[in-house]
Amino acid sequence: MVRSSRLALNAYELVEEVKSGSISVEDYIASILERIESIDKRINAYITINHHALDEARIMDKMVKSSSSNSNGYRSTLLGVPLAVKDNISTEGIRTTCSSRMLEDYVPVYDATVVKRLKGAGAIVIGKTNMDEFGMGSTTEFSAFGVTHNPWDEERVAGGSSGGSAASLASCMASIALGSDTGGSVRCPASFCSIYGLKPTYGLLSRYGLISYANSLECIGLMARSAVDLALMLNAVVGSDMQNDHTSIDSSIDIKSINSTSLKGMRFAIVREIIESDAIDEPVRDSMLDAIASVEQLDAVVEEVSLPSLRYALASYYTIAMAEASSNLARYDGIRYGYTLQPDGVAWNEFYSTIRSNFGSEVKRRIILGTYVLSSGYYGRYYMKAQKARAIIRDEIMHVLRSYNAIITPTMPVLPPRIGERISDPLRLYTIDICTVIANLAGIPALSIPYSMHNGLPIGIQFMAKHLDEALLLRIAYALEYARGSRVKRCVL
Ligand code: GLN
């Protein structure tokens, strides 16, 4: 067993220790599993544990001992690193539920491309993490497997929908994690749990094996406790996967040189409509102003811009997301996928209704609204209008990013809410996505950086950049991590 303080190591530090032989992968994975055993009853980050993790760890240890694997740089970049995977990303032989009764017993027969690539780099899947059902939510309260608690304050939500992934990192039950981000689901929990959450450029990471919610908006996202770890993960998972995902882009991005501690020459935009909005809580606004001062101290220039179309962002996002969801979720009909019944003697309507009643309330609400906005007579009034608004928002953002390297906003306008505080009013819940949905509408990369704490509660700051400018986001993360030093804690032990 390893000392518990070691469970907070960054992935790149762990890899060094494993390679030098001072930690065995088996010991490390066993200690992680033990920690899960002792604290996950309270946090509820995991839905399913990978019972082969220890066997896989032993195989890794053998690889370390054989000198040939040590010289294989690519394969060993994440050697022995415990990886948590959101439960809507397929894992061969490990149950993948989407936090839904509908897929309660579903065991995929293949790994998602990103999982396969991380495993190829040496990562070990520890388990599958809790989420809002099918990714629909911002708090991980809409899960058929119970709510995930925030490790920083267990009476509060961990954010969502990738809440389990974020909480697993913040409580040292994994070192790196995968989430998915349709409108903020990686960045929101990253912000609420004081870790990094990267939503990459649309298409940069293959979506093969990701169970669909809203295809035109969503990406698989990366979560970690350090900027270098994010870069290691990104290096391992980029690369075209055209034969499996036609939206996958063939791009090599240069993420090798992120370790600069200055932001000299960079120009950042802050958005007037966000700074002036009374939807931003005071501590969050203060933190954003402080972040602006920090990047200025690192020699970046910050200027104010206006994004007038921002007021259409939430309506556009939710209309499009629900429309796509209603179409994607039509496949869960008791015949082709998921939960089913013996149809004998049951009328078709009754069969179908019984099957579909297994969805939770939020998913049902979205299927109904999505079907409505796509129905003839309303299509032009809602869905088409939302698409037009999306085009205007994207154009405005791209216009700003022609003059600036990145846009700075808070990730979430509020501190992590108390459990139960927001879910009774869906519209009020949707409003907290105001800063995150923009990047999905425009398809650009966005990164939530753990920046500060207010009364023990984490606050994240978001940076959005041009398509394929992930390297720039990682440089910003690195520079801020260096500048902020030990002022920002990224896990609770
Ligand atoms: N909260 C947003 C929604 O409910 C975003 C979710 C996500 O990114 N998966 O749609």
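The values are calculated or read from the model by the stated rules, or taken from the named source; none is laboratory data. The structure presented is a predicted model; accordingly, all values stated were derived computationally and were not measured. As a convention, Cβ positions derive from the backbone with ideal geometry for all residues, glycine included, and neighbour counts pool all protein chains shown.
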Condition (residue is at positive phi, within 16 Å of the ligand (Cβ to nearest atom) and either of a type in the set (A, V, I, L, M, F, W, C) or free of Cβ contacts under 8 Å to residues at least 12 places away in the same chain (or both)) applied to the range 97-106: is it met by at least one residue?
yes
How about the range 410-493: which helices (runs of 4 or more DSSP H) wholly inside it have at least 3 residues that are surrounded by fewer than 20 Cβ atoms within 10 Å (Cβ to Cβ)?
426-430, 470-484
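A quick yes/no check of all residues on (1) touching a residue at least 12 places away in the same chain (Cβ under 8 Å); (2) in contact with a Ser or Thr (Cβ under 7 Å, 6 or more places away or on another chain); (3) among the acidic types (Asp, Glu); (4) under 25 Å from residue 148 (Cβ atoms):
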| site | (1), (2), (3), (4) |
| --- | --- |
| 180 | yes, yes, no, yes |
| 198 | yes, no, no, yes |
| 201 | yes, no, no, no |
| 218 | yes, yes, yes, yes |
| 228 | yes, no, no, no |
| 231 | yes, no, no, no |
| 246 | no, no, no, no |
| 251 | yes, no, no, no |
| 268 | yes, no, no, no |
Number of the exception - residue 383 against (1) assigned to a helix (DSSP H, G or I); (2) touching a Lys or Arg at 6+ places or on another chain (Cβ under 8 Å)
(2)
Does residue 391 count as at pLDDT 95 or above, within 16 Å of the ligand (Cβ to nearest atom) and under 15 Å from residue 317 (Cα atoms)?
no
The range 366-406, subset within 30 Å of residue 477 (Cα to Cα) and among the charged types (D, E, K, R), residue surrounded by the fewest Cβ atoms within 10 Å (Cβ to Cβ)
402
Quick count over the range 206-231, residues being farther than 22 Å from residue 97 by Cβ and buried (at least 24 other Cβ atoms within 10 Å of the Cβ), is 6
Can you tell me which of 299, 278, 344 is free of Cβ contacts under 8 Å to residues at least 40 places away in the same chain, exposed (fewer than 15 other Cβ atoms within 10 Å of the Cβ), more than 16 Å from the ligand (Cβ to nearest atom) and at positive phi?
299
